[in-house]
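Input: a single structure, listed below in structure tokens.
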Amino acid sequence: MKRLLLKSMILKARITQADLKYVGSITIDEDLIDRANLSEHENVHVIDRTNGKRLETYVIKGDRGSGVICMNGAAAHLINKDDQVDIMAFSWSKSDADPVFIEVDGDNRFVKNLTVEQFGE
């Protein structure tokens with residue numbers, strides 16, 4: 001039986017921009033996309049640590065090394081510039097998950113890979 005399991009997660013990212021004029025999506029620095037094992041157009045859940053709001057959208061590539069995390073379209077009404085967010089992707093699997101967890105700093109630069117046990121630290 002297949003189950004929907006957590007595939008990857010970017011922790012403590014900072015929203016650098018909110019663009020109401022763009023149609024949907026979240027723009028993510030291509031370096032972070034690679035490190036988090038994400039793909040352009042992949043479905044993600046965005047959890048706002050600042051205000052508690054949650055939404056579902058899809059990834060578009062931002063400039064590599066830019067640190068950009070931009071909420072686009074209507075989602076920019078829910079998640080604002082400078083909010084801290086977690087970005088999660090899921091996948092269907094018949095076996096146990098081995099998710100990728102990455103933590104970033106205030107400029108959305110990779111800090112380290114984490115294990116589930118390190119979340120509370």
Answer yes if at least one residue in region 62-74 is within 19 Å of LYS7 (Cα to Cα), of a type in the set (Lys, Arg) and modelled with pLDDT of 95 or more, and no otherwise.
no
Within region 5-63, the count of residues that are open to solvent by 40 Å² or more (accessible area, probe 1.4 Å), assigned to a loop (DSSP other than H, G, I, E, B) and either within 12 Å of ALA75 (Cβ to Cβ) or not hydroxyl-bearing (Ser, Thr, Tyr) (or both) comes to 12
Is at least one residue of region 64-84 assigned to a loop (DSSP other than H, G, I, E, B), hydrophobic (A, V, I, L, M, F, W, C), farther than 25 Å from GLN118 by Cα and open to solvent by 40 Å² or more (accessible area, probe 1.4 Å)?
yes
Confirm whether SER95 is at pLDDT below 95 and more than 12 Å from the chain's Cα centre (by Cα).
yes
Quick one: LYS112 ticks every box in (1) in a strand (DSSP E or B); (2) in contact (Cβ under 8 Å) with a residue 12 or more places away in the chain bar one, so which box is it?
(2)
Hits in region 24-64 - residues which are over 25 Å from TRP92 (Cβ atoms) and in contact with a helix residue (DSSP H, G or I) (Cβ under 6 Å, 6 or more places away or on another chain):
ARG64
Could you grab the pairs with beta carbons closer than 6 Å, sequence gap of 6+ or different chains, first residue in region 36-54 and touching a residue at least 24 places away in the same chain (Cβ under 8 Å), second one assigned to a loop (DSSP other than H, G, I, E, B) and surrounded by fewer than 18 Cβ atoms within 10 Å (Cβ to Cβ)?
LYS53/LEU78
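The values are calculated or read from the model by the stated rules, or taken from the named source; none is laboratory data. Remember, it's a predicted structure, so these values are computed and weren't measured experimentally. Cβ: placed from backbone, ideal geometry, glycine included. Neighbour counts: every protein chain shown. Heads up: the accessible areas ignore ligands, DNA and RNA and are worked out on the full protein's heavy atoms, side chains in. Shrake-Rupley method; radii C 1.70, N 1.55, O 1.52, S 1.80 Å.
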